[in-house]
1. Show me the strands (runs of 3 or more DSSP E) entirely contained within the range 45-116 in which 2 or more residues are open to solvent by less than 10 Å² (accessible area, probe 1.4 Å).
2. Checking Lys273 against (1) open to solvent by less than 10 Å² (accessible area, probe 1.4 Å); (2) over 23 Å from Ile26 (Cβ atoms); (3) touching a Leu at 6+ places or on another chain (Cβ under 9 Å); (4) touching a residue at least 60 places away in the same chain (Cβ under 8 Å), only one condition comes out false. Which one?
3. Show me the helices (runs of 4 or more DSSP H) found entirely inside the range 227-321 where at least 2 residues are within 14 Å of the chain's Cα centre (by Cα).
4. Limited to the range 203-260, what total is found for residues that are open to solvent by 30 Å² or more (accessible area, probe 1.4 Å), closer than 18 Å to Ser110 by Cβ and at pLDDT 95 or above?
5. Which one is most open to solvent (accessible area, probe 1.4 Å) among residues in the range 341-366 that are part of a strand (DSSP E or B) and over 16 Å from Lys261 (Cα atoms)?
6. Under 7 Å between Cβ atoms, which residue pairs at least 6 apart in sequence (or on different chains) link something in the range 276-287 that is closer than 14 Å to Arg298 by Cα and touching a residue at least 24 places away in the same chain (Cβ under 8 Å) with a partner that is surrounded by fewer than 24 Cβ atoms within 10 Å (Cβ to Cβ) and charged (D, E, K, R)?
7. Starting from the range 366-383, keep only residues that are over 18 Å from Ile140 (Cβ atoms), then list their pairs with residues that are assigned to a strand (DSSP E or B) and among the hydroxyl-bearing types (Ser, Thr, Tyr) whose Cβ atoms are within a distance under 8 Å, requiring at least 6 positions of separation or different chains.
Amino acid sequence: MKLIKRVIENDIEAYLKSDDDSILFIWGPRRSGKTTLIENLAKKLRVTKYNFDLVSDRDKFAPRAEVLERIVADNKVVLIDEIQNYPEATVMLKILHDEYKVKVIATGSSELRQKSGREFDSLAGRYREIYCLPLSVVEILDNEKPKQSERSTFDLKLSKFAQIWGNYPEIYTSRGKSENERTEKLQRILDAYVLKDVIDIYELKNQKLAKDILTKIALQIGSEVSVREIANSLGAYHTTVANYIEIFIKNYILIPLPSFKTNARRAVSENRKLYFYDLGVRNMLVKDFRDLELRPDRGGVFENFILVELEKLRRLYGLNLNYYFYREYGGREIDLVIEDYKKNYTTVEIKVNSGEINDIFPLKNTGMVINENNYLDRLIGLTK
């Protein structure tokens, strides 16, 4: 199987060559390629990879001088996988940074921050963060390098695959296998890594409720989500549903899109839109892998596809961008408002085929339409 070069490999290489002794955290969901990156680094650097999924590896670390000196002596770079499983490691990381000035690369979910509490705050100024997410279409383009004469066909096939199957690395690299094999892989990702991991990390009591909430959101793709309506339909407490949704956001399952608010009284929205980090997982929830042309949710799926690709680029390239949607009291809406750090605004209409910009945004802006034919060039343009 051909290995796909990831954008963050450049960040890791630059970090290793630099004098920077900050701790480098690589955050992202399970199965997004973090472990592969760490394993390849361990081979290349000829050092040990410690896996904190394993109690035996966690036991090798303790905030004692003789223990840490042995680790540093054996490893010019300390590599740790799934660090969120050992929140107490925050103390050890601080000592490795302050006393031994050794480079540390650690992968995991952002739950280390949540479970370590104030201890994680003690690392302030001592770490950097990068992200390893499901494959972005820009990464795939860089790896596949189609001929210019084949680009339009390539772009359409890539878009279709991502909208139906998503872009987890093991799913994308299984394109030559049967649809049954892909659905089985996606079912395992949903059950074992999306649901079970989150349930275990937070010690939640109701896996069925978690799945039902995600399914409700999946069925409202492209629309504003009312937490109260979901809670009422499932017979659950409003606060419980809200807490579950925040957990899904923190764990790279859902992406929130808030409404853009100004002092203009005609803008209104109390709810957010919620999109999935991976459309394969979303489609598994609703059990629909039909061709896009047969789908009643085609417009919402394409909107989700563009939003998640923008979010991947924002994190991969460290883009200083904020994303919103905008809606008037009268109901007219702009799919996406992109705000940069200088408060410049780009209004975006996201349409499968073609579309026009609704000229309703109250601030000076530049308009853009993203569709199936131009999406990849539009996305590439935002990275420059």
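1. In the range 45-116, 77-81, 103-108 are the strands (runs of 3 or more DSSP E) which contain 2 or more residues that are open to solvent by less than 10 Å² (accessible area, probe 1.4 Å).
2. (4) is the only condition that Lys273 fails.
3. Numbers: elements: 227-234, 238-250, 279-286, 298-316.
Where helices (runs of 4 or more DSSP H) fall fully within the range 227-321 and carry at least 2 residues being within 14 Å of the chain's Cα centre (by Cα), they are 238-250, 279-286, 298-316.
4. Total satisfying the criteria: 1.
5. The initial filter retains those residues of the range 341-366 that are part of a strand (DSSP E or B), namely 345-350, 366.
Filter once more, so that each one left must be over 16 Å from Lys261 (Cα atoms): 348-350, 366.
Working: Val348: 0, Glu349: 5, Ile350: 8, Thr366: 88 Å².
Among residues in the range 341-366 that are part of a strand (DSSP E or B) and over 16 Å from Lys261 (Cα atoms), the one most open to solvent (accessible area, probe 1.4 Å) is Thr366.
6. none
7. Partner pairs satisfying both residue conditions: Thr366/Tyr345; Thr366/Thr346; Thr366/Thr347; Gly367/Thr346; Gly367/Thr347; Met368/Thr346; Met368/Thr347.
The values are calculated or read from the model by the stated rules, or taken from the named source; none is laboratory data. Here the structure is a predicted model, which is why all the values come from computation and not from measurement. Cβ sites come from the backbone with ideal geometry, for glycine too, and all protein chains shown count toward neighbours. These accessible areas exclude ligands, DNA and RNA; they are computed on the full protein's heavy atoms, side chains included. Shrake-Rupley method; radii C 1.70, N 1.55, O 1.52, S 1.80 Å.
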